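See structure below.
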Amino acid sequence: MEKIKRCRVTFYVTTKHPAEQMYLCGELRNAGLWIAKSATKMRLTDKGWCAVKMLPVGASFEYKFLRDADWSAVEKGIWGEEVANRTIVAQKGLVVVDEVPNWRMD
């Protein structure tokens with residue numbers, strides 16, 4: 001059985017709305033399998049909120065950002081509308097920089 005090659009992918013996200021916590025939630029096991037309580041907690045840096053994931057090289061990865069580990073605080077568009085899942089293809093050394101314009105406010 002061939003071992004799956006993985007690569008380091010760094011995610012940064014910024015937002016104009018204050019957040020005490022930020023999470024990356026997505027379709028892969030190490031990003032929560034779309035289960036908010038299993039999402040990856042991000043850390044605040046001078047470049048924004050940051051998470052580093054080891055992903056299979058060449059794999060497509062869909063994800064969203066949450067302000068809390070709960071779907072009631074999922075990212076939204078500038079007018080509060082639903083937004084499509086974000087998608088990247090994992091490559092060695094990839095740095096992803098996203099901005100969230102608005103949040104669900106339940």
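The values are calculated or read from the model by the stated rules, or taken from the named source; none is laboratory data. Everything numeric in this text was worked out from a predicted model, so none of it was measured. Here Cβ is always computed from backbone atoms with ideal geometry, including for glycine, and neighbour counts include all displayed protein chains.
Scan region 22-38 and give yes if some residue there is farther than 23 Å from LYS5 by Cβ, assigned to a loop (DSSP other than H, G, I, E, B) and modelled with pLDDT of 95 or more, otherwise no. The answer is yes; a qualifying residue exists. The residues on offer are LYS41, LYS37, LYS76, and the sole one that is basic (Lys, Arg) and touching a Lys or Arg at 6+ places or on another chain (Cβ under 6 Å) is LYS76.
Of all residues in region 1-21, count the ones that are aliphatic (A, V, I, L, M) and part of a loop (DSSP other than H, G, I, E, B).
3
Can you say whether ALA51 is farther than 17 Å from VAL97 by Cβ and surrounded by 17 or more Cβ atoms within 10 Å (Cβ to Cβ), as far as the supplied structure shows? Spelling it out, it is not the case that ALA51 is farther than 17 Å from VAL97 by Cβ and surrounded by 17 or more Cβ atoms within 10 Å (Cβ to Cβ). Remark: pairs (first residue in region 44-65, on the phi > 0 side of the Ramachandran plot; second residue modelled with pLDDT of 95 or more and among the aliphatic types (A, V, I, L, M); Cβ separation under 9 Å; 6+ apart in sequence or on different chains) = GLY48/VAL13; GLY48/MET22; GLY48/MET42; GLY48/VAL97; GLY58/VAL89; GLY58/ALA90.
When the residues of region 89-104 are filtered to those that are assigned to a strand (DSSP E or B) and of a type in the set (D, E, K, R), the one that is surrounded by the most Cβ atoms within 10 Å (Cβ to Cβ) is ASP98.
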